Amino acid sequence: MSKVETVKKESLDIVNDLPIDKQIEQLVRAHKELNITRTRDENIKIVQGADLEGTKLLPESSRKRLEDGGVDLSKGYPEVPDRSKIPIFVDEAHAIRDYDVPFVDRGANADPEKKALFGAAKEVINLTDKVGTEIVGLQLEDLSDQQKNELALLIAERVVVFFRDQKLSPKAQLDLGHYYGNVEIHPQVPHVTGLPGETVIWNDYVIKRGLDLNFSNSNFANWDSVRYLGYGNQGWHTDLVHERQPAGYTHLHLDSIPGVGGDTIWSSGYAAYDKLSDEFKKFLDGKKAVYISAHAYLDRNDPLGGPKRVERVHPLVRTHPATGWKFLFVNRGMTRRILGVSPIESDLILNYLFDVYEKNADIQARFKWTNTKPGYGTSAIWDNRISQHRNVWDHEGKSPRHGTRVTSLAEIPYFDPESKSQRETLGLPLKKWDA
């Protein structure tokens, strides 16, 4: 019979005949000073459960929308998952949603002319030639299924679609997310109280909880995404690329908007692919890459070896199920390496591909979040598969910015060698480079 030795330290029982990973898990979950909700920045202290202090910080327009939508703010806001449900080890995080979920893209069989959607709108405005469309005069809560399907196809074609002056409850936003796919429920990130899957986008709150976001460092992620990935979403990124079935349609609704600043920029993966030469496209087609999670965890077999991230392998060039167009699927923060080439070659190729997405202004759209009616909010719905995006923190928190986000997970990524690029399909010219 083995001898059990118990050591008392900081009111924690350490039992030496337990496996080391179990001891570490007990330590982390029981010790209030150890932060497991934001492992990217040790200074951020977000408490588990609904936060009563956070409720006091809510902008008035956000409070009214949440209360009108039936959210019980007396319990606190936002709500962080219980510590017992937040994964400690990378294998636990990898196991979340590690199974096939049926998915049919709502845009795949929609009317290509979008008569139900466009016919009901007062105006349809393209922000740029390639990216971004604004629909005027429709309420997202009132769309029919046919209009929702046509909207999905429009998003798949135009990357991101905007709706100003929306009276949209958090529950209605979540319901629309369920219509478009399997809603992602994040094991760590704060969500609307009582509505898992309705993520809170609120830099002001995270700054109050210790995030050192300022004028000097707000764009650091665009130079060093490893150290500064979590700095307020200012770095170019694509959401949830590490998932078995990564993000499809994502819907961000802002109910508190700065008068000046706080814009968001999107870049097109279709156009990024078409920026490449034919020979380079041939090289990339069929290649696969390793994609990682934004959050870090511990390795159960090497818990003292530093943070580990969830990794999954997906095609570097994907085919969209609704449009049938090829697109470049990379982003600086979470595409780790290309399979089948040397690490040096992988870094050189990826850094060029990141630059193609980030530095070509003609494949991007910048949106100013404004309303024309007091008390209303603004929505952006984009396709994470075919885009990267980033926030612009130029208002520096001088006026509040608060919103809620719902992400619908899509298909298992695939590449169809018979698919064509956007410009090929539309008959647009492509440069033929000399040998």
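The values are calculated or read from the model by the stated rules, or taken from the named source; none is laboratory data. Just so it is clear, the model here is predicted, and its values are computed rather than measured. Cβ: placed from backbone, ideal geometry, glycine included. Neighbour counts: every protein chain shown.
A few comments on the model shown:
- Residue list for the stretch 175-199, restricted to those being over 12 Å from residue 81 (Cα atoms) and under 15 Å from the mean Cα position of the chain (by Cα): 177, 181, 182, 183, 184, 198
- Residue 212 meets all of the listed conditions (1) in contact with a helix residue (DSSP H, G or I) (Cβ under 9 Å, 6 or more places away or on another chain); (2) under 27 Å from residue 56 (Cα atoms); (3) acidic (Asp, Glu) but one, namely (1).
- Residues being surrounded by 24 or more Cβ atoms within 10 Å (Cβ to Cβ) and outside any strand (DSSP E or B) - total across the stretch 263-273: 5
- Against the numbered list (1) modelled with pLDDT of 95 or more; (2) within 27 Å of residue 412 (Cβ to Cβ); (3) surrounded by fewer than 18 Cβ atoms within 10 Å (Cβ to Cβ), residue 316 comes up short only at (3).
- Of 393, 325, all but one fail to be under 22 Å from the mean Cα position of the chain (by Cα) and either closer than 28 Å to residue 414 by Cβ or without any contact (Cβ under 8 Å) to a residue 60 or more places away in the chain (or both); the exception is 325.
- Scanning the stretch 98-115 for residues that are surrounded by 14 or more Cβ atoms within 10 Å (Cβ to Cβ) and either basic (Lys, Arg) or free of Cβ contacts under 8 Å to residues at least 24 places away in the same chain (or both) yields a total of 2.
- Matching residues in the stretch 280-313 - criterion: being among the acidic types (Asp, Glu) and modelled with pLDDT under 95: 299, 302
- Per-region count, the stretch 319-334, residues crowded, with 20+ Cβ neighbours inside 10 Å and not in a strand (DSSP E or B): 9
- Only listed residue being among the aromatic types (Phe, Trp, Tyr), touching a strand residue (DSSP E or B) at 6+ places or on another chain (Cβ under 9 Å) and over 27 Å from residue 182 (Cβ atoms), chosen from 352, 376: 376
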